[in-house]
1. Obtain the nm distance between the two label points defined at Arg72 and Lys115 by a simple spin-label model: each point lies 7 Å from its Cα along the Cα-to-C-beta direction.
2. Run the numbers on the chain and let me know its relative contact order in percent, using alpha-carbon pairs under 8 Å that are six or more apart.
3. Dipole size in debye (nearest 20) for the chain around its Cα centre, Lys and Arg Cβ +1, Asp and Glu Cβ -1?
4. Below 8 Å between Cα atoms, with a sequence gap of 6+, how large is the relative contact order for segment 18-84 in percent?
5. Lys/Arg Cβ at +1, Asp/Glu Cβ at -1, dipole of the chain taken about the Cα centre: which of Ile78, Ala102, Ser56 is farthest positive-ward?
6. Would you indicate which of (1) 12.2; (2) 10.6; (3) 10.1 is the value of mean projected area of the Cα convex hull in nm² derived from the coordinates of this structure?
7. Starting from 0.36 nm per residue, how many nanometres of slack lie between Leu127 and His143 once their C-alpha separation is accounted for?
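What follows draws every value from the coordinates through simple rules; no lab data is involved. Not measured: the values here are computed from a predicted model. Reconstructed Cβ throughout: ideal geometry from the backbone, glycine too, with neighbour counts over all protein chains shown.
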Amino acid sequence: MSFISKLFRKKPSYIHPVFGTMGFSNIRSGQSYWEGHAYFAPTKTTIEVFVDGDESGVAAGTEEFYEEAQKRYQGLVIAFRPEINRQLSGLSKIRVPDDFDASYRLSSISVIDRKIRSDWTLFFDCLFDENFSVSIELDDWDHGIVTVDS
């Protein structure tokens, strides 16, 4: 197979019971993942998911992690909301609203297998000022860094 045909070869896809129709992305060895969309119960929306795995499918612990992320979501919002609001208050010309759910929309999550790694990210769209987006880069459940992008 030539380089050009490898470059444009259709990546494998499959339908996962939790993460829906998924497409595979292989950045480099050991850093591959599946992309899909899944229902996220705490926000009652469908979000994009980036799920650890290899060409054979998603990693074994990802469904368990996704379930745990949904259970812990409100606690994470409570923990990181002050820092999100502090950063946006200094950047946005619009006053940061008090209601988190009306101000931010969870757009995607990286879904990990904790046997492989502990770092993962929540991504939010900023609804009150579309010039900004927010990510929380977490190391397991307790430690994270808030980043506001424009």
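1. With each label placed 7 Å out from Cα toward Cβ, I get 1.8 nm.
2. Relative contact order for the chain comes out at 16 percent.
3. Details: 16 positive and 23 negative charges, 93 e Å.
The dipole of the chain has a size of about 440 debye.
4. 23 percent
5. Ser56
6. Correct label is (3).
7. Working: separation 16, 0.36 × 16 = 5.76 nm, distance 2.51 nm.
That works out to 3.2 nm of additional length.
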